[in-house]
Structures are given as structure tokens and as C-alpha cells.
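To start, the structure under review is shown below, and the notes come after it.
The values are calculated or read from the model by the stated rules, or taken from the named source; none is laboratory data. In this text the structure is predicted, and so the values were computed from the model without any measurement. Neighbour counts run over all protein chains shown; Cβ positions are idealised from the backbone, glycine included.
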Amino acid sequence: MANKKIGCPVEVTLSLVGDKWKVFILKELLERTKRFGELHRAISGISQKTLTQQLRQMEKDGLVKRKVYAEVPPRVEYSLTKIGRSLKSILDAMHKWGGNYAALKCKEQQDE
């Protein structure tokens, strides 16, 4: 997203979080700061390579911050920035909509 012309607000939002893995990463980091291994275990189906790429992009976009501790072995933690945390209302709305959709689909199928 960095260095791109800012366009339609919906397009901007989708370019930042439109990937399914980014949504799962956001969900996990909204709970608390996590290490890479914790994220990898929590997000079923994501490869280490993809998680690394997504975290790097989200860091570049200002959604995630990466903190490296000078320890042996090195410890790295990921957390959301203020901008990243501001996406909570969007994720909450998606959760609510998804629940409503599932309930309506279930009711439709029962009515058939």
C-alpha cells in the first residue's frame, strides 16, 4: 500500500486487509501481542512463508509493529499499531454480518 496513490476509501481498506490471512492476523493480534510461533499455531492453514510475508507487508503499511528483544535466542513480538487497532470496528461488523448471514441461510434451508 505504501507509495500508492490514495483512491477510493473502500479500495484503500481492501488493499490493506482484503487478504484472508491479514484478517486472521488482525483477529489474533487484537487479542494481545504475540510471537511468530503463537501466530502460526493460532492461524490454521497458513504457511510460515505466507505469515512472514503478510506480517512484513502489514508492518510496512503501518498496521503491525515488530519488536525485537536483544536476547539469546532472539525474541520477536508482533502487536497492532494504533492504526491497526482502529480496524477492530470493521472486524466486529464482519463478525456480526457473518453470523446474521449464517442464521439467514440456515433459516432459508429449513423453510425449503
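Below are the figures for this structure:
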quantity	calculated
Residue satisfying all of: in segment 79-112; in contact (Cβ under 8 Å) with a residue 24 or more places away in the chain and not basic (Lys, Arg); surrounded by the most Cβ atoms within 10 Å (Cβ to Cβ) among these	Gly84
Flag for Leu87 being under 10 Å from the mean Cα position of the chain (by Cα) and not aromatic (Phe, Trp, Tyr)	yes
Residue count, segment 16-42 (criterion: over 13 Å from Arg85 (Cα atoms), touching a strand residue (DSSP E or B) at 6+ places or on another chain (Cβ under 7 Å) and exposed (fewer than 15 other Cβ atoms within 10 Å of the Cβ))	1
Selected residue [under 22 Å from Thr13 (Cβ atoms) and touching a His at 6+ places or on another chain (Cβ under 6 Å)] from Leu80, Leu51	Leu51
Residue pairs meeting the criteria (Cβ under 9 Å; at least 6 apart or on separate chains; first aliphatic (A, V, I, L, M), in segment 49-76; second surrounded by 12 or more Cβ atoms within 10 Å (Cβ to Cβ) and part of a loop (DSSP other than H, G, I, E, B))	Leu51/Ile43; Leu63/Thr81; Leu63/Leu87; Val64/Thr81
In segment 93-112, the residues that are over 28 Å from the mean Cα position of the chain (by Cα) and of a type in the set (S, T, N, Q)	Gln109, Gln110
Residue among Gly99, Gly84 that alone is under 22 Å from Lys20 (Cβ atoms) and out of contact with any helix residue (DSSP H, G or I) (no Cβ under 9 Å at 6 or more places or on another chain)	Gly99
Residue list for segment 53-88, restricted to those being at pLDDT below 95 and among the hydroxyl-bearing types (Ser, Thr, Tyr)	Tyr69
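For (1) part of a helix (DSSP H, G or I); (2) surrounded by fewer than 15 Cβ atoms within 10 Å (Cβ to Cβ), each residue gets a yes or a no:
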| residue | (1), (2) |
| --- | --- |
| Leu14 | yes, yes |
| Ser44 | no, yes |
| Thr50 | yes, yes |
| Gln57 | yes, no |
| Val68 | no, yes |
| Glu77 | no, no |
